[in-house]
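The values are calculated or read from the model by the stated rules, or taken from the named source; none is laboratory data. Please read all numbers here as calculations on a predicted model, not as lab measurements. Virtual Cβ from ideal backbone geometry, glycine too; neighbours counted across all protein chains shown. Surface accessibility is based on the protein's heavy atoms, side chains included, excluding ligands, DNA and RNA. Shrake-Rupley method; radii C 1.70, N 1.55, O 1.52, S 1.80 Å.
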Amino acid sequence: MRRAVCPGSFDPVTNGHVDVITRAAALYDELVVAVLVNPGKAGLFPVEERMELLREAVTELPNVTVDSFSGLLVDYCRDRDIPVIVKGLRAVSDFEYELQMAQMNRELAGIETLFVPTAPQVGHLSSSLVKQIATFGGDVSRLVPKAVHDRLAEHARRSGR
Ligand code: PNS
């Protein structure tokens, strides 16, 4: 059974994440999408809501499950016997930090990292930009799954924008 984890903040999930998850799911028997619980950084959506939005986004991928983790990613991988981390790369600027983390995770626990280059149509997407655009009333309908779009619109309405 080939297993991998696709970790991230997913605050919120974008079409870029969905692209990477979909392609990683085709390479492994089981893919766990793991949301980081970061007590030092609240984010826009609580972790439970991020997970719910992710679950809705991957309903058509039967070998994908959604989970959360705190602490070191390598500990999560070791506890669940997951030997591979999958990460999306949007641009060379992502690569420097991702390479460093990949090398560190391999040194810490022998866990390999597989990089998936994002599709060019979604290479410019980031959760931060999506949140910024939605906060100021911009149209993000082509950038995120429908449920995320609706939830962002609700946030913008509540904050009176
Ligand atoms: O979506 P993000 O914010 O780019 O995801 C970053 C994430 C969650 C993959 C990374 O911060 C992480 O692995 N955090 C867990 C803590 C950890 O293992 N740190 C050591 C990395 S070498």
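Structure notes:
- Meets criteria (acidic (Asp, Glu), more than 19 Å from Ala34 (Cβ to Cβ) and part of a helix (DSSP H, G or I)) for Glu107: yes
- Residues satisfying the criterion are present in segment 98-107 (criterion: near the ligand (Cβ under 8 Å from one of its atoms), of a type in the set (A, V, I, L, M), out of contact with any strand residue (DSSP E or B) (no Cβ under 9 Å at 6 or more places or on another chain) and open to solvent by 60 Å² or more (accessible area, probe 1.4 Å)).
- Inter-residue pairs, beta-carbon under 9 Å, first part of a helix (DSSP H, G or I) and in segment 49-63, second open to solvent by 100 Å² or more (accessible area, probe 1.4 Å), 6+ apart: Glu56/Lys146
- Cross-chain or 6+ apart pairs with Cβ under 6 Å, segment 85-107 first and more than 16 Å from Thr118 (Cα to Cα), then open to solvent by 30 Å² or more (accessible area, probe 1.4 Å): Ala102/Thr113
- For segment 5-31, residues that are farther than 19 Å from Gly43 by Cα, assigned to a loop (DSSP other than H, G, I, E, B) and in contact (Cβ under 8 Å) with a residue 60 or more places away in the chain total 1.
- Residue within segment 59-70 that is closer than 16 Å to Gly16 by Cβ, within 14 Å of the ligand (Cβ to nearest atom), within 13 Å of the chain's Cα centre (by Cα) and not basic (Lys, Arg) present: no
- In segment 22-53, the residues that are open to solvent by less than 60 Å² (accessible area, probe 1.4 Å) and within 12 Å of the ligand (Cβ to nearest atom): Val33, Ala34, Val35, Leu36, Val37, Gly43, Val47, Arg50
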